[in-house]
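First comes the structure, then the notes that go with it.
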Amino acid sequence: MLRAMRFAESVGVYQRNQMAQRARKRGREWQDRGAAWAYFHQRGIFRGWDDRALAAYLDHALRTHPDGRLTLKCPPEREAEIFSSSPKGLWKAVSRISVPTDIFYGEGTYPFVPRGVTHARRRNPHIHGHCVPGHHCFMQEFPEATAETVRALLSEMTGRG
């Protein structure tokens, strides 16, 4: 899949992928926090987020200006660039991981994520994949359950060597 992404990137087609297109169309300015909340709450990737997670996103992803309006700290064009690129050298780096590495992903995430985790596990026995309830942003949907899952994993890691 990464080869296809790199080819598409080199010929300029990949910038038309759905995630990049959505990022480019994302709003970038709101009159106040209430307007920003109304824009993001239960919309797109933010659907299903715990209210505390969305509040933290607004706290850290938006810049408040002296006149009270808010703007995104990361311009939508930059986010689209990221979605339109591919990580070079990823699988070589994955092969070199020498410590236990656990990758969590939501059962409703994008299809390329579980495929990538499976590929990583095949390349490196130190990698373990865990499918958990939720979507791509499962940790923002279920913060307590995610924290408990990580706590349990860390406490059992001492026996994993």
Task: Simple spin-label estimate for SER86 and HIS41 in nanometres, 7 Å along Cα-Cβ - done: 4.1
Task: Fraction of beta bridges assigned by DSSP in the chain that are antiparallel (%, nearest 5) - done: 45
Open item on the list: Roughly how far apart, in whole Å, are the Cα centres of the stretch 96-161 and the stretch 14-63?
Closed with: 25
TODO: Treat every Asp and Glu Cβ in the chain as -1 and every Lys and Arg Cβ as +1, leave all other atoms uncharged, and give the resulting dipole magnitude about the Cα centre to the nearest 20 debye.
DONE: 860
Open item on the list: I want to check the label-to-label distance for GLN31 and HIS65. Put each point 7 Å from Cα in the C-beta direction and report it in nm to one decimal.
Closed with: 1.4
TODO: Give, in nm to one decimal, the length gained when the segment between GLN18 and VAL132 is fully stretched (0.36 nm per residue of separation minus the Cα-Cα distance).
DONE: 38.6 nm
Task: Extreme residue, positive dipole direction of the stretch 8-83, given options HIS65, ILE82, GLY44 (C-beta unit charges) - done: GLY44
Open item on the list: For a quick check of your reading of the filter: which GluC sites (Glu not before Pro) in the stretch 42-136 sit in a DSSP loop and have no more than 15 other Cβ atoms within 10 Å?
Closed with: GLU107
Open item on the list: Run through the stretch 19-104 and list the trypsin sites (Lys or Arg not before Pro) located in a DSSP loop whose Cβ has at most 14 other Cβ atoms within 10 Å.
Closed with: ARG28, ARG43, ARG47, LYS73, LYS88
Task: Full-extension gain in nm, ALA145 to MET157, via 0.36 nm per residue minus C-alpha separation - done: 2.5 nm
- [ ] Tell me which residues come under 5 Å, amide H to amide H, from TRP49 once H is placed; ignore anything under 5 positions away on its chain.
- [x] GLN42
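Values in this text are rule-based calculations from the coordinates and carry no lab data. What you see is a predicted model; the values in this text were computed from it and never measured. For neighbour counting, all protein chains shown are included, and Cβ atoms are generated from backbone atoms with ideal geometry for every residue, glycine included.
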